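Throughout, read-outs are computed from the coordinates displayed, never taken from laboratory work. From a predicted model like this one, the values you see are computed outputs, not experimental measurements. Using ideal geometry, Cβ is built from the backbone for each residue, glycine included, and neighbour counts are taken over all protein chains shown.
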Amino acid sequence: MSKSINLRLPATSANLGPGFDALGLAMALYLDIEATEVPEDSITATGRNPKLTADARRSLIFTTYRDVLAQQGIAAPKLHLKLHNEIPLGMGCGSSAAALLAGVHLANHFGALNWTPHQIMTEACLREGHPDNVAACALGGMTASTQQGSEILTATVGEHLPWGLLLALPSASLATEKARALLPDTYTRADAVANIQRSSLLVAAFALNRPDLLRTAMQDRIHQPYRSEACPLLPRLLPLAAQPGVYGVALSGAGPSVLLILDPAFPLESIESEVRHASADPSMELISTSIAGPVEVTV
């Protein structure tokens, strides 16, 4: 077994509007990890939020790594993690999913578990509690997923679509637990049917390269209306789905970030100007990116 492993895990945007807890999109913003066996656990970090990602005592990567091996009755070898992180934390961009998947990959490698990629993904999904982000991080593209007992079923489309992605990030983060607490316990039949229709159309849009469908297909009645107050960028930016160059707009995961899917032929500077004007938030950060492929593992 090699004493080191390199991982590259993409950010993800879950839900994409109506696909609540079912759809996720991999984005070309990465958590890069070089892990090496050493005498004592340690982390060095660069990129976004380096003080948080370098804290070995609070690291979700380390916690997951040790817990997976403990459940297998294996003592976890000590590791040094060299991290470079591009994924915004607490912004609905899949940072916890990437960390969970990374921890399971490390346990598989340094514990010599010989798990398949599907087993690794499944373990991370079960730990996350819903498969949308983890499945997209593992498989790339736009991944639809569901859990049946302890089995995770997935299908991936749209990995090579040329559509542009633009993330609008407010200055304050939002915990997923708080965002979930805003949702009602029940919905009307009309709302449920509307979301089934639109999420089905959304999968078809990605599978068939039909960006003309996204404006309608990314509309949601299950979670976005209830999160708008805690995610004020959303109601300000949703109307931009009617603007030239913008295919669709949705909350990124549980928020508070907003994802815009763009026509790559349209001038990005013009769209960014419209977004900044509509946001009324001088502290907002914009990140331009693209659809990403699956996790990369190099031994």
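Here are some notes:
- Taking every alpha-carbon pair under 8 Å whose residues sit at least 6 apart, region 45-91 reaches a relative contact order of 58 percent.
- Computed over the chain: relative contact order in percent, which uses C-alpha pairs under 8 Å that are six or more apart: 25 percent
- Most tightly packed first, judged by the mean number of other beta-carbon atoms within 10 Å of their residues, the peptides 282-289, 139-146 read 139-146, 282-289.
- Cα gyration tensor, region 11-106 - rounded (a/c under 1.5), prolate or oblate: oblate
- Tensor-based shape of the chain (alpha-carbon gyration tensor, a/c under 1.5 rounded, otherwise prolate or oblate): prolate
- Whole-Å distance, taken between Cα centres, linking region 150-205 and region 49-118: 25 Å
- Cα lying deepest toward the dipole's positive end in region 164-290, options Leu251, Thr216, Leu262, charges on Cβ: Thr216
- Look at the Cα gyration tensor of region 164-290: its axes a ≥ b ≥ c give a/c of at least 1.5 with a/b at or below b/c, and that counts as oblate.
- Peptide ranges 238-250, 181-193 listed from the most packed, as the mean C-beta count within 10 angstrom indicates: 238-250, 181-193
- Helix 60-71 axis, angle to the chain major axis (alpha carbon atoms, nearest 10°): 50 degrees
- Cα lying deepest toward the dipole's positive end in the chain, options Ser171, Ala11, Gly141, charges on Cβ: Ser171
- Pairs of Cα atoms nearer than 8 Å and 6+ residues apart set the relative contact order; for region 164-290 it is 39 percent.
- Placing +1 on the Cβ of every Lys and Arg and -1 on the Cβ of every Asp and Glu, with nothing else charged, gives the chain a dipole about its Cα centre of roughly 260 debye.
- Proxy reagent accessibility, fewest Cβ within 10 Å first, across Glu151, Glu37: Glu151, Glu37
- Amide H to amide H, with H built 1.01 Å from N, Ala292 comes under 5 Å of Ala26, Met27, Ala28, Gly141, counting only residues 5 or more places away or on other chains.
- Taking amide H atoms as placed 1.01 Å from N in the peptide plane, the amide H of Leu16 lies under 5 Å from those of Gly253, each 5 or more residues away in sequence or on another chain.
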